[in-house]
Amino acid sequence: MTIPTVDASPLAREANLLRETERARLRALINADMVRARQLHAPDFQLITPIGAALSKEEYLGAIASGQIKYLTWQPADIAVRLYDGVAVLRYRAQLEVVFGGHKVALNDYWHTDTYERHDERWMVVWSQATAIK
């Protein structure tokens, strides 16, 4: 007997695409794959770091390319997605370990909130904020 499969709704498929896009972005950042990272970050991207610094796309990706920021581990838990017309908000908890300016920041838990927008029929992150969990 064959059990019929139910196709996911269009919203569920889009949410899954966004989850995979975020995971691909994290892989690009960990691997310092600047070609892929540039494709996934909007031109006007901005990151708010856990210490409250605001970094533009060029500042952030430049720091990764130069080794100023080197991600060692970035393991997201379940990624929650809220979809709107051409905009999506993702939120998840992650374990992160990073070397920043030559100083290792120990493995810690963070909340991440990312805002994505559709640009040329693909999702790109425009805002990202990380908050350390104490």
Legend entry - Histogram of C-alpha separations across segment 22-94, 10 Å bin width, %: 17, 50, 31, 2
Inset, instruction - Count charges around Gln46 for me, please; just the other residues with Cβ under 12 Å from its Cβ, Lys/Arg as +1, Asp/Glu as -1. - result: -3
Inset, instruction - State, to one decimal in nm², a quarter of the convex hull surface area for the C-alpha atoms of segment 89-134, i.e. the direction-averaged projected area. - result: 4.1 nm²
Inset, instruction - Please build a GNM for the chain, connecting alpha carbons under 10 Å apart, and tell me which residue among Arg13, Arg118, Arg36 fluctuates the most. - result: Arg13
Inset, instruction - Count the net charge of all other residues whose Cβ sits under 12 Å from the Cβ of Ala15, scoring Lys and Arg as +1 and Asp and Glu as -1. - result: -1
Legend entry - Lys104/Met34 FRET efficiency (R0 30 Å; Cβ-Cβ; nearest 0.05): 0.85
Legend entry - the chain, Rg to Rh (Cα coordinates; Rh as Kirkwood inverse mean 1/r): 1.02
Inset, instruction - May I ask for the net charge around Asp114, where only other residues with Cβ less than 9 Å from the Cβ of Asp114 are counted and Lys, Arg are +1 while Asp, Glu are -1? - result: +1
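FYI, it's all coordinate maths here, none of it is from the lab. Everything quoted here is computed from the prediction, not taken from an experiment. All Cβ positions, even for glycine, are placed from backbone atoms using ideal geometry, and neighbour counts span all protein chains on display.
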